[in-house]
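The values are calculated or read from the model by the stated rules, or taken from the named source; none is laboratory data. Bear in mind that the values here come from a model prediction, so they are computed numbers and not experimental data. Because the Cβ atoms are built from the backbone with ideal geometry, glycine has one as well, and the counts that use them run over all protein chains shown. Each accessible area value is taken on the protein alone, full model and side chains, heavy atoms only, with ligands, DNA and RNA left out. Shrake-Rupley method; radii C 1.70, N 1.55, O 1.52, S 1.80 Å.
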Amino acid sequence: MPPVSVPARPISRPSSPGIPEGTRDVLPPEWAQREALRSRLAETFGAWGYRGVEVPALEFANSAHPQDERAFKLIDSGGQVLALRSEFTTAVGRLARTRFAAGPFPLRLQYAGRLWLRALTSELGRLREFNQSGVELIGVESARADAELLHLAGAALRDVGVDAQLEVGYPGFVDAVLEDAGLHGRAREELHQAIDRKSGADVDVLARRDGLSLEVTRILHALTDLYGGPEVLDTAQRMAQGARARAAVTHLRQVAEHVGSPLLFDLGVSRRYDYYTGVTFRAYSPGLNQPVLGGGRYALEGGLPGAGFAIGLERLARAAASALPAEPEVVLALDLEGAQTARGAGLHAELAWTDDLAALRAYCQLRGIDRWITGTTWQEVSA
């Protein structure tokens, strides 16, 4: 892939004055960086056979939507309640069901665009308006399909110069173990949350409250520690008593075999176990305490299987900043011929708007432009 010239500058985090909390202005250096990353990701996804789609920013509000409680909602002139797009999977799934009802499957799609959430969340860096790029692999369900997405996730991050570690989970494994331990209802739900937080103290509080045996409590603590390499699957295999839990471990072993390279497993991941139906994964980059990529396997409305992942572009821009080259030199062209000469040499050229050389020189000093060109003749601005 040819190099992309973009600036490697840090991103300012605070919201700008005069705009709503959780939103921010994007200035030229960061805009160039983000667009370059978006373009690189699209090229990588396309090379793997994922074709681009675009879905509306406005959707019909739906109480069954996974982000319904956090979505911005409005009423149109006809009284219909609408929502701003708050995640892509549901929208792309709707597109797949209506536009590709007969396939062919597997259907490989990629997307990029903006999302909005009414509620501020620390996981999104307190942003309520943010950008994602991602892929969906729809209509097929197998260990090989899950492995494909893991391979693609790693390739996409490498192609933008980000060193990241993939962590693979299976939220249904925790649920299956809790079920095998005889836990149901509120107790099971609260233990899901405690295990996902890896909070042994909360596990103890809940175990005492619900009168759980020492053996069950030991199993719950073991779930919070199920993190590491292939040995984690061996531990999980010994914990798996029922068919669901054993099937989860078997599937993870098959995925690992198809991936071929070592994986990290976090089988204590329990968040959104009611949404994900199989493998989940995240990618973490050094220096960031939140994942740059996340995804997993789910079932679309109607039962059509799907899996995919999304990359947060704001977070990716922070992770990729040091790996991207500086933007090309900007010069001032005093005429059209000079502009064509400069651009033909791979430079960025701004056109002069006046013959007043003093005014042009003052502008160049403020803009950081060191050279200007007339026709094919170069001159230092300070000369």
Return, ordered by residue number, the residues of the stretch 350-364 whose backbone nitrogen is under 15 Å from a label point located 7 Å along Cα→Cβ of E329. 350
Against the longest principal axis of the chain, how steep is helix 357-367, in degrees 0 to 90 to the nearest 10, with axes from Cα atoms? 20 degrees
State in Å² the accessible area per residue of the stretch 111-208; use a 1.4 Å probe, count heavy atoms of protein chains only, and round to the nearest integer. 39 Å²
With angles folded into 0 to 90 degrees, how steeply does helix 185-196 sit against the dominant principal axis of the chain? Use alpha carbons for both and round to 10. 50 degrees
Please give the helix 171-180 orientation as an angle from the longest Cα principal axis of the chain, in degrees from 0 to 90, rounded to the nearest 10. 10 degrees
Stretched out fully, how many nm does the piece from W48 to Q165 gain, at 0.36 nm a residue minus the Cα gap? 40.0 nm
How large is the direction-averaged shadow of the alpha-carbon convex hull of the chain, in nm²? 24.8 nm²
For Cα pairs less than 8 Å apart in space and 6+ apart in sequence, what is the mean separation divided by the residue count of the chain, i.e. the relative contact order in percent? 18 percent
Calculate the spin-label point distance for L120 paired with R272, positioning each point 7 Å from the Cα along the beta-carbon direction, and give it in nanometres. 2.2 nm
Heavy-atom accessible surface of the chain: percent carbon and sulfur, 1.4 Å: 52 percent
Give me the distance in nm between label points sitting 7 Å out from Cα along the Cα-to-Cβ direction at L214 and A64, one decimal. 4.8 nm
Rule-of-thumb check for the stretch 215-265: C-alpha Rg over 2.2 N^0.38 Å? 1.17
Quick check: pseudo-label points 7 Å beyond the Cα along Cα→Cβ at A101 and I75, how many nm apart are they? 3.3 nm
Could you tell me the center-to-center distance, by alpha carbons, between the stretch 198-265 and the stretch 318-383 in angstrom? 60 Å
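Residue separation times 0.36 nm, minus the C-alpha to C-alpha distance between E380 and E179: what's the value?
Values: separation 201, 0.36 × 201 = 72.36 nm, distance 7.48 nm.
Gain on stretching E380 to E179: 64.9 nm.
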